[in-house]
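Colleague: Sharing a structure, written as structure tokens. Questions coming.
The values are calculated or read from the model by the stated rules, or taken from the named source; none is laboratory data. Not measured: the values here are computed from a predicted model. Every residue, glycine among them, receives a Cβ derived from its backbone with ideal geometry; neighbour counts consider all protein chains shown. What goes into the accessible areas is simple: the full protein's heavy atoms, side chains included, and nothing from ligands, DNA or RNA. Shrake-Rupley method; radii C 1.70, N 1.55, O 1.52, S 1.80 Å.
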Amino acid sequence: MTDSHPTRRTLLRYGAYGAGAAALAGTAASWDRLTGADIPGRNDGSLVVATLGPAYGPEAIRTLTDGFKKVHPDIKLRINAVQAVDWSDFFAKILTQIAAGTAPDLVYVATEGVQLFAQRLGVPLDDWVRRDAEELREYFADVHPSLVESMMYEGSLYQLPVEFNAADMYLNNQVLKRADAGFPAADWTRDDFTALLRDMKKASGSQFTPYFWTNRLWGGVVPWLFANDTNLLAESKAPGGAWLWDSFYPAGARKGRGGGFRWTTPQATDARVEEAYDYLASLVQEGLCTRPEGGNGQNLIGVFSTGRVGVTPAGGFWAGGLHLAGMRADAFDVQYFPRWRTQRMQFGAAGYALLRTSKLQEEAWEFIKYAARRDTLMRLFETNQTTPARRSMLTADRYRETGPDHWQVFYDTLDKFPYTGPIPAPPQVAEVEQVLLKHTGTALASRRSVGPALRRMQSDLEKAMERDV
């Protein structure tokens, strides 16, 4: 698929991103709804932007459309909030629309889909960035280079990041007090973390879980792999990117940067990967955490806010989520992920990808720039439902109502740990994630299960990475 009009059959092969072949077979009855063909005025010449529905409600859509109209009254804009369970489901629906010939011009894409869209569907932004360099200089000065690098693929930039979330550790202050434990230091270690969980368990009842995490690519086992100086797939940097780094970042910030990440050879049987899984299995065995559940982690808000969970990994989006759940600003706090061999942490980011099928590419570029403006993001992210990509937006005023006290941790996860990196998300990410989730659950059944499960994971990852997406 090298042309700009991929076939329906080719795109439906990406069904692994959603519910798989069985679900896609059942789309015929709702084809118009899936493809957007039933949207009034669908082909009226508007610039069409597709976003993940739960992330962009009606108020957010009004913010974007009204503000963009004031700046560009000559460009008709329509934002379609695609209702989807998660990013995988969202991408599947977008790919269905593209296959049907009703593709949007722009798609809001998270790290999980950056390389998939860049490799097969996206347009590099390099020429526009060079052309409008002076206009963009303030943007890049306000955005950490790690976020920008995560949006690059094989030397080219495909998105301007507007938000991110790193996997930091949230702590319930009520549980800390009950365990007579102090707030952990910024350089706390894995052993400090384990000791804290034991103290929490001793001070709590049988219905309490010291550490709870969700089995997923972001915030699951991967942060522990990063902390142990390893990864699920061998990680390296693509060449190139100097055109961007030399133009927008000082020498210290651009040191070690490249043309985007490459995730290649599976290494599930690496000794450090097995060590990380064995550690998590030991926590389960000791009753310090349960075997992880799947899902998007929303079920965690209730159990954490009521003190039934002491510690859990989450990003800046949880500050807003806990506040909406009724948790007081002083009832929880956040700290960096604990140090093991390293204190490198993981994040996921998001921005707008321009599709090759778009006939309105200049107009789309104007929207990409508008959506990355500080004033736009200030209006869009008022409720702390995410971490803004712009450093200047993280202030004491922003977090005064929602908390946490240590809100600086959110951006300092990048600023103080500049080689904190994105979750491993090659173009084959859908299959990679499915393999990871399947075998992680099995591996943590007992410490004896770790080795055999990781060997099966390695075999399945090798097959997944050999497939041409």
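Colleague: Anything in segment 423-469 that is among the basic types (Lys, Arg) and assigned to a loop (DSSP other than H, G, I, E, B)? List them, or say none.
Modeller: 467, the sole residue that qualifies.
Colleague: Among the residues of segment 369-396, write down those that are hydrophobic (A, V, I, L, M, F, W, C) and open to solvent by 50 Å² or more (accessible area, probe 1.4 Å).
Modeller: Across segment 369-396, the qualifying residue is only 378.
Colleague: Using the structure shown, decide if residue 449 is under 30 Å from residue 252 (Cβ atoms), in contact with a helix residue (DSSP H, G or I) (Cβ under 6 Å, 6 or more places away or on another chain) and open to solvent by less than 50 Å² (accessible area, probe 1.4 Å).
Modeller: no
Colleague: Within segment 87-98, can one find any residue that is modelled with pLDDT of 90 or more, over 23 Å from residue 424 (Cα atoms), in a helix (DSSP H, G or I) and among the basic types (Lys, Arg)?
Modeller: no
Colleague: When both residues are 6+ apart or on different chains and their Cβ atoms are under 6 Å apart, which pairs have a first residue that lies in segment 310-321 and is of a type outside the set (Val, Ile, Thr), and a second that is open to solvent by 10 Å² or more (accessible area, probe 1.4 Å) and modelled with pLDDT under 95?
Modeller: 317/385; 320/383; 320/385; 321/301
Colleague: Still on this structure, please answer the following. Do the conditions hold for residue 67, that is, is it modelled with pLDDT of 95 or more, in a helix (DSSP H, G or I) and either open to solvent by 30 Å² or more (accessible area, probe 1.4 Å) or not assigned by the TED database to the domain that holds residue 434 (or both)?
Modeller: Spelling it out, residue 67 is indeed modelled with pLDDT of 95 or more, in a helix (DSSP H, G or I) and either open to solvent by 30 Å² or more (accessible area, probe 1.4 Å) or not assigned by the TED database to the domain that holds residue 434 (or both).
Colleague: May I pose another question? Residue 410 is checked against (1) at pLDDT below 95; (2) not in a loop (DSSP other than H, G, I, E, B) and fails just one. What number does that condition carry?
Modeller: So residue 410 meets the others, but not (1).
Colleague: Report, ordered by the first and then the second residue, all pairs with beta carbons closer than 6 Å, sequence separation of six or more or different chains, a first member in segment 162-184 that is closer than 30 Å to residue 149 by Cβ, and a second member that is open to solvent by 30 Å² or more (accessible area, probe 1.4 Å).
Modeller: 165/317
Colleague: Being aliphatic (A, V, I, L, M) and under 30 Å from residue 328 (Cβ atoms) narrows it down to one residue among 429, 409; which is it?
Modeller: That would be 409, the only listed residue that is aliphatic (A, V, I, L, M) and under 30 Å from residue 328 (Cβ atoms).
Colleague: Inspect segment 358-368 for any residue being open to solvent by 30 Å² or more (accessible area, probe 1.4 Å), more than 23 Å from the chain's Cα centre (by Cα), closer than 16 Å to residue 161 by Cα and of a type in the set (Asp, Glu) and give the result as yes or no.
Modeller: Yes: one or more hits.
Colleague: Residue under question is residue 459, and the condition is that it be open to solvent by 30 Å² or more (accessible area, probe 1.4 Å), hydroxyl-bearing (Ser, Thr, Tyr), modelled with pLDDT of 95 or more and in contact with an Asp or Glu (Cβ under 9 Å, 6 or more places away or on another chain); does it hold?
Modeller: Against the criterion (open to solvent by 30 Å² or more (accessible area, probe 1.4 Å), hydroxyl-bearing (Ser, Thr, Tyr), modelled with pLDDT of 95 or more and in contact with an Asp or Glu (Cβ under 9 Å, 6 or more places away or on another chain)), residue 459 does not qualify.
Colleague: Out of all the residues in segment 244-270, which are assigned to a helix (DSSP H, G or I), touching a residue at least 40 places away in the same chain (Cβ under 8 Å) and open to solvent by 40 Å² or more (accessible area, probe 1.4 Å)?
Modeller: Result: 247, 254.
Colleague: Count, please, the residues in segment 180-215 that happen to be open to solvent by less than 20 Å² (accessible area, probe 1.4 Å) and of a type outside the set (S, T, N, Q).
Modeller: Qualifying residue count for the region: 9.
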